[in-house]
Amino acid sequence: MKAPHSALLLSALACTAAAAPPAPTSFIASRGGNLGDPVSAENYVYLPTGSTLTAWNRLSDGAVQLVGDTRSTPADGWLTGLVRQGDYLYASYRGYSAEAAGVAVYSIADRAHPQLLGLYDNYSNAAIRMPESIAIANGYLYLLDSEQGIFASPLASPALPAFSRVSTDWGSYDHATVQGNRLYTVGRTFLSGTALNIYDLTTPLAPQLLGATTLDGYDNFRLKVRAPYAYGFGLAMNITDIGDPANILPRGRIDTPVAYEGLLLGDHAWGVGLDGLDVWNVANPDQPAQAGHFTIGTFATDATAVLGEDALLATRADRFVRLDATLPTTPTQRSESQLPAGTAAYDLSVRGDTALVLGNAYGLNIAKAGDLAPLGRYETSLEPSLQGRAFEQLALDGNRAYLTSWGSGLVIADIANPRQPQELGFWPYGFATAVVARGNFAYVGRSTNGGELVVVDVSNPAQPQPRGSLASSKILRLALHGNHVFIADEAVDGPGSLILVDISNPDAPVETSRYTGCNSVSDVAVDPSGRRALIACGEFAHLVDVSNRAQPVLLGIYTDGGRTVALRGDRAFIGSDFTLDEVDLANPAQPQRLQRWNLAAPAMRVQAAADGRVYAMTGLAGVYVFEPDRIFADTQQ
């Protein structure tokens, strides 16, 4: 039976070699993305990252080692909550598509290697679904949907949940905690308050709302429940008495440094801020008192948990920190690990066997090209502030990397050794978004308060100097070829377009022409010959002949998506709200979609990288990696 199949395969390979078509592309992995609070099983910790689950081993020497993940089987959305019962993990997930909402079930019978058993999205047929958290109580699994209410499934068949709607209450269900027969839900409201609901689960299929309140969202930016009290972290250490759900009362309060997260450890609470841990004695709920400040790196912490003798922090700066929780008055750091692929990856470039992943909160996640295995972090010298950093795009030229920070400007780094970048200089410029570079010049595009293209002299990277500039509407992306910069200009107050700019004179960039077939462009890619440009035009992608810089001409339109684009030869990779399409442009007048992959979140950036792979950055859901089919690729070499 195998011989005929082999003959057919050889015949197909021979035909493929003769025609030498571009190699088909296959999905390889999804890694990184939005963080969720971890859970544990013995020494193992499971951390939601985007649309995947990561497994970590807490070693006896204090280290936390990444040992497994579900990169090849991502959920249809990013994970929003995680709970465990026995050898099973249950994660709520949601995406931008109405269909991408449900519960992912994992087996952890092999603790180091979680296995996705199934995705269950049939709990509701509503048009709008937003599962935000998940909980287990009394042998039932509870899914909390902020639009559709609460759903429950018995766990008699733990791998096959079957949900029924048990409450029509809708609200803010960002976090769910079960203690005894009570379910506590916490979430941020539209008006920036913090909502707390308390349910009685004595009758599992008929939850009863016992009490609800909305607390000050600044004092209680993050609310942690340990009955009979709720502890708020924010601009204050705030304690609320919830012992009688029908009569929720304020107790103690003390002003604190800003905290975005918090942990509860016996009679103490840790406020997690931008620059360390603040320890509070909460033994007397009417008089919380400061017990110390510790300069442990906590910047941009998004997820926390106290698991036995450990307190764990996962940060948007791609750090997974293990703290000793045995002495609550004197927290100490036991170890730090690098989270894979970036929790907020906005861009990516490949140099040799190294991928440089731009992290919005800090700088570069340095990884192995392809599987994005962590190799190190490069944190820029910019002050630790999410808004002040807000890195947007990355460009490589020679041995330099250029990073645009929306909050601050342009960072220049030496990447002669790409695994150990060294900062060379900084140019302050508010709302820097897009960047390309060549030789002694970088070209920076602004996206806020009016678009602007600025030519920056970087011949001395320690002292970058602005030269000429050109106004536009809102610059989202740049491409560079020859003596022209191609601007993807989005419409704001006036129309946008593809703008071709002559940069022969760095002191006076001049608009050569505009492509008028699209009045709002979000991305642009130019082929190596400089003759064709592919632009993202909302719901469409336009292929434009730009060989005559003074007169761009439409070659063809792909009508099935166009949020972000990448180009490699006659192949286009076009990202949209829910999908990434591979499109054949050999006949520009009739683009042909070759395949489509679903994404758990909108494609923010697609890169056809130097290593032959395609990387799609989706933000919340992580980085999706695709590579040519090696059987076909080998026949083309």
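The values are calculated or read from the model by the stated rules, or taken from the named source; none is laboratory data. Note that the structure is a prediction, hence the values are computed from the model and not measured. Glycine gets a Cβ as well: all are built from the backbone with ideal geometry, and neighbour counts include every protein chain shown. We work out accessible area using only protein heavy atoms, side chains counted, and drop any ligands, DNA or RNA first. Shrake-Rupley method; radii C 1.70, N 1.55, O 1.52, S 1.80 Å.
Observations
- Extended-chain gain in nm, criterion 0.36 nm per residue less alpha-carbon gap, residue 115 and residue 206: 29.6 nm
- Amide H to amide H distances under 5 Å link residue 441 with 458, where only residues 5 or more positions off or on other chains count and H is placed in the peptide plane.
- Cα centroid separation, segment 579-599 to segment 265-315 (Å): 50 Å
- Local electrostatic count, residue 458, Cβ distance below 11 Å [Lys/Arg +1, Asp/Glu -1]: +1
- For residue 399, net neighbour charge (Lys/Arg +1, Asp/Glu -1) across residues whose Cβ lies under 11 Å away: 0
- Computed over segment 392-447, the range of Cα coordinates on each principal axis works out to 31, 19, 15 Å, biggest value leading.
- Solvent-accessible area per residue, Å², over segment 324-395 with all protein chains present [probe radius 1.4 Å]: 33 Å²
- Computed magnitude of the charge dipole of the chain (debye, nearest 20; Cβ of K, R +1, Cβ of D, E -1): 840 debye
- Listed peptides 434-440, 32-38, 42-48, 466-472 by packing density, highest first (mean Cβ within 10 Å): 32-38, 42-48, 434-440, 466-472
- Other-chain or far-sequence residues with amide H under 5 Å of residue 319's (modelled H): 339
- Pair residue 416, residue 559: separation of 7 Å Cα→Cβ label points (nm): 5.5 nm
- A Cβ-based charge dipole, computed about the Cα centre of segment 161-239 with Lys and Arg at +1 and Asp and Glu at -1, lands at about 160 debye.
- Potential lengthening of the chain between residue 159 and residue 107 amounts to 17.9 nm, from the contour at 0.36 nm per residue minus the alpha-carbon distance.
- Of the peptides 261-269, 206-214, the order by per-residue mean of other Cβ atoms within 10 Å, starting with the highest, comes out as 261-269, 206-214.
- Accessible surface of the chain [probe 1.4 Å, protein heavy atoms]: carbon and sulfur percent: 50 percent
- Top positive-direction residue, dipole computed over the chain with Cβ charges, set 162, 139, 578: 578
- Assigned charges on the beta-carbon of Lys, Arg, Asp, Glu; segment 396-454 dipole about Cα centre (debye): 80 debye
- Per-selection Rg to Rh, segment 215-343 - Cα, Kirkwood hydrodynamic radius: 0.98
- Total formal charge among the other residues, if their Cβ is under 15 angstrom from that of residue 103, Lys/Arg +1 and Asp/Glu -1: -1
- A dipole drawn for the chain from +1 and -1 charges on Cβ atoms has a positive end, and of 468, 482, 443 the residue lying farthest that way is 482.
- A simple spin-label model places pseudo-atoms 7 Å from Cα toward Cβ; at residue 326 and residue 43 they are separated by 1.6 nm.
- When the charge dipole of segment 215-343 is built from unit charges on Cβ atoms (+1 for Lys and Arg, -1 for Asp and Glu) and taken about the Cα centre, the candidate among 260, 338, 228 whose Cα reaches farthest toward its positive end is 338.
- The slack in the chain from residue 510 to residue 147, taken as 0.36 nm per residue of separation less the alpha-carbon distance, amounts to 125.6 nm.
- Pairwise FRET efficiency - residue 610 versus residue 333, Cβ, R0 = 25 Å, nearest 0.05: 0.10
- For chymotrypsin sites (Phe, Trp or Tyr not before Pro), the sites in segment 153-184 that DSSP calls loop and that have at most 16 other Cβ atoms within 10 Å are 170.
- Average Cα contact separation per residue, the chain, under 8 Å, 6 or more apart, as relative contact order %: 9 percent
- Projected onto its three principal axes, the C-alpha set of the chain covers 75, 69, 49 Å, listed from the longest axis down.
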